[in-house]
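Accompanying notes for the structure given below.
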Amino acid sequence: MAHVMAEGFKFRYLKTPVHGLDPRVKLLMTAMLFALALLSSNLYQEALVFAAVGVPAALARSLKRLLRIAALSLTFSLMIFAVNMLFGQPLLESAVITIRFLGIVAATSVFFVTTSPDEIEYVMRWFRLPRDFVFAFATSIRFVPVLMMDLTQIIDAQRSRGLEMDRGNPVRRIRNLIPVLIPLIVNALVRSGELAEAMEARGYGAVSRPTSMHALLMKKNDYAALLVLVPAWSLLITYFLGLL
Amino acid sequence: MGKIVEFLDYTFEYSGMERPAVEGVSFSVEEGEVAVLAGASGSGKSTILRSINGLIPHMYPGRRSGKVTVDGADVSSTPTYELARKVGFLFQNPENQIFMFTVEKDVAFGLENLGYEPEVIRRKVDWALGLLGISDLAKRSPSELSDGQKQRVALAGSLVMDPKILVLDEPTSLLDPRTAQDVVSLVSRLNKDLGLTVVLVEHRLELVSPMADRMVVLSGSRVWAEGSPAEVLGREGLHEVGLSPPAIVEVQKRLPSGDGLALDVDGFVRRFLADVGHRV
Amino acid sequence: MSVIEFEDVRHRMPNGVVALDSVSLKVGRGEVVAVVGGNGAGKTTLLKHMNGLLKPSSGRVTVFGKETKEESIARLSRRVGLVFQNSDHQIFSESAKEEVMFGLKNFGIPPGEAEEKAGRALEYYGLADLAARPPLTLSGGEKKRLCIAAVMAWEPDVLVLDEPTVGQDYPSRSRLFGVVQGLASSNRTVVIVSHDLEFLWPLSPRTVVMSKGRVVADGPAREVFMRTEMLRDAGLREPQLLQLSRRFGREEPFTAVDQAAAWLTERGRAN
């Protein structure tokens, strides 16, 4: 089970025009979509938001993944809907608020579906975020699959010793987690200790401003994308703000 | 040539421990040598290795006396990032020393830390990848690699900093025999081609003793023996200090004659046949 | 009678990789079987089928006549005890004694009896003095023996060891060898998954060689180990005593250092 989760967590790089864009362009695009989603105030505008999100998602061949993410946030959306209704908002208003939330989720997801953790790290470096922060981000993502493998092996080992995790009353079930969580934490600590040694051995912190082998470079496609994105967005946002 | 690593009456006790991890240790490694550090678990091998690249005492506090000199620098007064240029360190588990999402980016990590120019980093990274035969893996994610490939990536990440000394802490213990042999042969090649001094810890003595110039055996925190592998493995009492000499050495020790030990089967057979032929 | 039987087993992992392919294998009662092969050969996947942690995608695995698909992991584990490679993946208790008690409690053994069995297992594996120690403070070799004791305490019919010698130093290896030898001579069924042929050679058990998810050889060690090319292709290295035997063209290979030395001394004199 943990194995499947580890697989799901992995970023899948697809060769599409959207994946190939400079991560900064993808970030800008996401910010634009986010702004549209946030400002949408009626069902027509919301339909436009989904269309605007749908185009890059389709180009990135990631519509299905995006829909899956939206489906996951559906429960939460329904809660928003229920709360709104409860506080006496009219049906239409509640629907608009709920759909707006879904639009925001879809818009932000475009970035994470098309941008690898590696590219996110580049963008973080480009923004000159503190080195420790960027490094912590990178390693925590990098080690997710590793810890998932640890988890699988620990669960296998304890089940082989007769542990039946989903048996008994709720209290018992929580107690059943102890033989899994303790080795997981101990292993994570051991790993982070070794990680710290290896960082030190490779000169981490030698200079206050480390360099980067790769620099982010805007290519023709990126400028082309901006040429389409900026006017289209400006048009939409003026309409959304009611200035059109 | 000369002493590139030197321990002089060196004692180290980790804070909070009741007895020293190593005590009164003196030995040295000549430039360009392959030195094998052997001994049972807990004999102090890891402490010695970490005292070469300055993790001890800079990262681990403790009580210390005596002196460790590496390439002319006193380890205790040299910052670890300075030592990182001199000493490459390969740990047992490659998984925990690969930080980045792609192979080439990880190999670049050390040079970025030292603030090299991007073009220089690019050139050195390409060189290191080529040296270890993993240029084709440059853009791959570490999680897609086999154990042997991961160990090569980690090795590239050390060598890219152009160290004079390579320190390896049980680099093959998680690998299968063939992959382990590959890594050991690779290290031997680097020693010959680059003149790299190698200090390594390894339990499988049959794997490393044929390529070693020097062997240092630790027992109970102290140096129990030091010399050429043939000298050291020829001694009595190895089992008592927790070492198992290669089977071929054990066989030779039970034979009546014998001047000097052969460290692999081929060497032994050649010598034995010559010896027998001689007496006919 | 075979206690574990694989019939044309295929296992496809969630990511589509075929980890086991047309594997057929029988382990008889009282047999010691070594499963050898390089990293990624499918050894661990094979082992996880033995107590139902993994189920075949096609084919059948039966344990004591029952198909693993129809049994719970707990019930299967009661009879087939697995000890995994990394001790730190299972140790979690405050004392060595409690670590051993864990399995006994899970299997519903009454407290008094469990105490007694735990005490006996600790004693047998030379850990009686360490019973109260937190297991995380034990040495690598002690941890390994504790993990074996923690399984053997509930007296499974079959013991399966996954790479028991990885990362172990010589004193720990030789103790482990004693443990395996003791189990073999008391007619226990033992499966050892390993790539450490130097360790297995003096024991010379029936050996199953795996490569790329398939069984490529199955027979007595003395026959299987002689197929040097096949071993090398499977990511293994031939033990030095065997290399030596081959260099002198011996049909009956040396399994012990003393034996080799005696023969060579004789040969030296004869000339």
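Some points to look at:
- If you go through segment A:84-117 and pick out every residue that is of a type in the set (S, T, Y) and farther than 28 Å from A:P145 by Cα, you end up with 2.
- Of the strands (runs of 3 or more DSSP E) that lie entirely inside segment C:16-67, those containing 3 or more residues that are touching a strand residue (DSSP E or B) at 6+ places or on another chain (Cβ under 9 Å) and crowded, with 19+ Cβ neighbours inside 10 Å span C:18-28, C:32-36.
- Hits in segment C:45-93 - residues which are more than 7 Å from chain A (Cβ to nearest Cβ) and of a type in the set (S, T, Y): C:T45, C:S57, C:S58, C:T62, C:T68, C:S72, C:S87, C:S93
- All positions within segment C:129-158 that are charged (D, E, K, R) and over 20 Å from C:P110 (Cα atoms): C:D129, C:R133, C:E142, C:K143, C:K144, C:R145
- Residue match in segment A:192-214 (condition: open to solvent by less than 30 Å² (accessible area, probe 1.4 Å), of a type in the set (K, R) and within 13 Å of chain C (Cβ to nearest Cβ)): no
- Filter pass, A:R172 being surrounded by 14 or more Cβ atoms within 10 Å (Cβ to Cβ) and either closer than 30 Å to C:F107 by Cβ or of a type in the set (A, V, I, L, M) (or both): no
- Among the conditions (1) within 14 Å of chain C (Cβ to nearest Cβ); (2) buried (at least 16 other Cβ atoms within 10 Å of the Cβ); (3) in contact with a Gly (Cβ under 8 Å, 6 or more places away or on another chain), the only one that B:G42 does not satisfy is (3).
- For segment B:229-276, residues that are open to solvent by 30 Å² or more (accessible area, probe 1.4 Å), within 7 Å of chain C (Cβ to nearest Cβ) and either in a helix (DSSP H, G or I) or within 24 Å of C:D196 (Cα to Cα) (or both) total 1.
- Looking only at segment A:165-186, and only at residues there that are modelled with pLDDT of 95 or more and not aliphatic (A, V, I, L, M), the one that is farthest from A:R131 (Cα to Cα): A:P179
- Residue satisfying all of: in segment A:217-244; loosely packed, with under 11 Cβ neighbours inside 10 Å and in contact (Cβ under 8 Å) with a residue 60 or more places away in the chain; nearest to A:P17 (Cα to Cα) among these: A:L217
- A:V171 of a type in the set (V, I, T), farther than 24 Å from C:M152 by Cα and more than 11 Å from chain C (Cβ to nearest Cβ): yes
- Residue list for segment B:204-222, filter: open to solvent by 20 Å² or more (accessible area, probe 1.4 Å) and either under 17 Å from the mean Cα position of the chain (by Cα) or under 26 Å from C:L242 (Cα atoms) (or both): B:R204, B:E206, B:P210, B:M211, B:D213, B:R214
- If you check B:T179, B:T172 for being assigned to a helix (DSSP H, G or I) and among the hydroxyl-bearing types (S, T, Y), only one passes: B:T179.
- Segment A:113-167, residues that are aromatic (F, W, Y) and either touching a residue at least 60 places away in the same chain (Cβ under 8 Å) or crowded, with 16+ Cβ neighbours inside 10 Å (or both): A:Y122, A:W126, A:F135, A:F143
- Set C:V160, C:V216, C:V179, C:V166: member being β-branched (V, I, T), surrounded by 21 or more Cβ atoms within 10 Å (Cβ to Cβ) and either closer than 23 Å to B:R178 by Cα or facing another protein chain (nearest Cβ under 10 Å) (or both): C:V160
- One residue alone among C:K43, C:K55, C:K97 is among the charged types (D, E, K, R) and within 15 Å of the chain's Cα centre (by Cα), and that residue is C:K43.
The values are calculated or read from the model by the stated rules, or taken from the named source; none is laboratory data. Quick caveat, the model's predicted, so the values are computed rather than measured. Every residue, glycine among them, receives a Cβ derived from its backbone with ideal geometry; neighbour counts consider all protein chains shown. SASA here: full protein model, heavy atoms, side chains in, ligands and nucleic acids out. Shrake-Rupley method; radii C 1.70, N 1.55, O 1.52, S 1.80 Å.
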